[in-house]
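S.K.: Got a structure here, written out as structure tokens. Questions coming.
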Amino acid sequence: MATQEKIRGLIIVGAGPAGLTAAIYASRYGIKPLVISENIGGMTQEAWHVENYPGITKITGKELMKKIQTHAKDLGSEFLLDGVGEILRYAQNDKVVFQLKTVSGKMLKAKTIILALGLKNRRLNITNEEKFLGRGVSYCFTCDGVFFRDKIVAVVGGANSAAHAALTLAEYATKIYILFRKPEMTAQPSLIQEIKNNPKMEILPETQIKELQGNNKLEKIIVYKTNSPDDTNEIIVDGLFIEIGTVPSNILAQHLSVECDEKEYIKVNNSQETNVPGIFAAGSGTNATPQLNQIIVSCSQGALAAFSANLYLKNSTRS
Ligand SMILES: Cc1cc2nc3c(=O)[nH]c(=O)nc-3n(C[C@H](O)[C@H](O)[C@H](O)COP(=O)(O)OP(=O)(O)OC[C@H]3O[C@@H](n4cnc5c(N)ncnc54)[C@H](O)[C@@H]3O)c2cc1C
């Protein structure tokens, strides 16, 4: 049964770099935010190594996010590991209140919200992709890679996230196929070199997947060369990791009539305000800086969103 809660000052949805930094700043303003997120660390958990976060020469994405979460907790932020399924806006005693319903059924209320929702993985949209999701098909190598110890896997994609996936999976799997449409991988040269140096990797350029086959779980992928779609081959695999890009995760914004741009990024002004008073947004899911999807950029937007949310709370208690 759903449980009722007090009205909090601020709830932050999403615990990637943007949400965690917003939590640090909000805590220092004395707001004591609640952070609700499906996971801690967001996309950064998937980073094999982060080498561009100022002050830290080299660290895994997971370790960096753990440090930032610990920092936020030490300052008084609270965390709830859950998804937010719905947010509604209503008036209570002439004040606007937001009500959040989590996937596990908890009901929470807040005067203001920061959406730090990030991006979600793009689907391939091929036959049996949904059928084998969780039964061989995955969009999260950090979550599922460990289940493929001593197995054969394929990674689809040629950019940085696919390269990070392949290198992480090499810790578990015996063989990794890397398939991509273009003649060359577009990942950072250092990652490509690491892949080329690893004897477990087999690189298949100009290759696409037609369909997935298996009985109760994924057993093989049917592939073709980009320039001869009718000439198919099968590859026996236990797992398929799809790393072909991302789209904004904006369904909650839609519930609230928060405006998004034509590419579905949440629209914010230079104070991280959305068009809905009391709703702020930060990070890679906003239209602020889609040209540079990086940890430090999301962190800076998170800090600014917390600053603006604090001002909003101060002004609303005065009125
Ligand atoms: C493999 C890989 C390697 C990378 N390496 C680097 C690097 O070396 N350096 C660098 O600067 N950047 C790197 N990046 C990019 C970096 O990870 C992103 O820029 C950063 O994570 C964006 O942070 P964010 O907080 O905006 O969003 P995200 O990290 O995507 O976090 C969003 C959070 O919101 C949660 N969420 C979404 N919807 C809901 C909901 N409805 N309910 C609850 N929670 C929800 C998600 O689960 C997630 O935790 C890398 C990315 C990848 C994939």
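S.K.: Could you say which residue among Lys95, Lys62 is within 16 Å of the chain's Cα centre (by Cα), more than 7 Å from the ligand (Cβ to nearest atom) and open to solvent by 80 Å² or more (accessible area, probe 1.4 Å)? Break it down stepwise before answering.
M.R.: On the way: Lys95 fails: within 16 Å of the chain's Cα centre (by Cα).
Result: Lys62 is the single residue among Lys95, Lys62 that is within 16 Å of the chain's Cα centre (by Cα), more than 7 Å from the ligand (Cβ to nearest atom) and open to solvent by 80 Å² or more (accessible area, probe 1.4 Å).
S.K.: What are the residues in the range 232-248 that are in contact (Cβ under 8 Å) with a residue 60 or more places away in the chain and acidic (Asp, Glu), if any?
M.R.: Result: Asp238, Glu243.
For every residue, the table says whether it meets (1) under 18 Å from His255 (Cα atoms); (2) among the hydrophobic types (A, V, I, L, M, F, W, C).
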{"residue": "Tyr90", "(1), (2)": "yes, no"}
{"residue": "Asn93", "(1), (2)": "no, no"}
{"residue": "Phe98", "(1), (2)": "yes, yes"}
{"residue": "Asn128", "(1), (2)": "no, no"}
{"residue": "Phe132", "(1), (2)": "no, yes"}
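S.K.: Hey, another quick one. Residue under question is Thr70, and the condition is that it be polar (S, T, N, Q) and under 17 Å from Thr142 (Cβ atoms); does it hold?
M.R.: No: the conditions fail for Thr70.
S.K.: I'd like the full set of residues that are assigned to a helix (DSSP H, G or I) and either within 11 Å of the ligand (Cβ to nearest atom) or hydrophobic (A, V, I, L, M, F, W, C) (or both), limited to the range 70-86.
M.R.: Answer for the range 70-86, where residues must be assigned to a helix (DSSP H, G or I) and either within 11 Å of the ligand (Cβ to nearest atom) or hydrophobic (A, V, I, L, M, F, W, C) (or both): just Ala72.
S.K.: Let me ask something additional. Can you find even one residue in the range 282-292 that is small (Gly, Ala, Ser), on the phi > 0 side of the Ramachandran plot and in the same structural domain as Lys58 (by TED's automatic domain parsing)?
M.R.: yes
S.K.: Name the residue, out of Ile242, Ile209, Ile279, that is at negative phi, in contact with a Phe, Trp or Tyr (Cβ under 6 Å, 6 or more places away or on another chain) and surrounded by 17 or more Cβ atoms within 10 Å (Cβ to Cβ).
M.R.: Only one candidate passes the filter, namely Ile242.
S.K.: Which residues, counting only those in the range 110-139, are within 16 Å of the ligand (Cβ to nearest atom) and in a strand (DSSP E or B)?
M.R.: Correct list: Ala110, Ile113, Ile114, Leu115, Leu119, Lys120, Asn121, Ser138.
Quick grid of which residues meet (1) in contact with a Leu (Cβ under 7 Å, 6 or more places away or on another chain); (2) within 24 Å of Glu243 (Cα to Cα); (3) among the hydrophobic types (A, V, I, L, M, F, W, C):
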residue: Leu64; (1), (2), (3): no, yes, yes
residue: His71; (1), (2), (3): no, no, no
residue: Leu81; (1), (2), (3): no, no, yes
residue: Gly85; (1), (2), (3): no, no, no
residue: Ala91; (1), (2), (3): no, no, yes
residue: Asp94; (1), (2), (3): no, no, no
residue: Arg135; (1), (2), (3): yes, yes, no
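S.K.: Here's another thing I want to ask about it. I want to confirm something. Restricting to the range 1-55 and keeping residues that are open to solvent by 50 Å² or more (accessible area, probe 1.4 Å) and in a strand (DSSP E or B), which single residue is farthest from the ligand (Cβ to nearest atom)?
M.R.: The selected residue is Ile7.
S.K.: Every residue in the range 140-176 that is in a loop (DSSP other than H, G, I, E, B) and either assigned by TED's automatic domain parsing to the domain that holds Gln45 or under 19 Å from the mean Cα position of the chain (by Cα) (or both), please.
M.R.: Those that are in a loop (DSSP other than H, G, I, E, B) and either assigned by TED's automatic domain parsing to the domain that holds Gln45 or under 19 Å from the mean Cα position of the chain (by Cα) (or both): Cys140, Gly157, Gly158, Ala159.
The values are calculated or read from the model by the stated rules, or taken from the named source; none is laboratory data. The structure displayed is predicted, hence computed values, not measured ones. A quick note on method: Cβ atoms are made from the backbone with ideal geometry, for glycine too, and the neighbour counts reach across all protein chains shown. When the accessible area is computed, the model is the full protein with side chains, heavy atoms only, and any ligands, DNA or RNA have been set aside. Shrake-Rupley method; radii C 1.70, N 1.55, O 1.52, S 1.80 Å.
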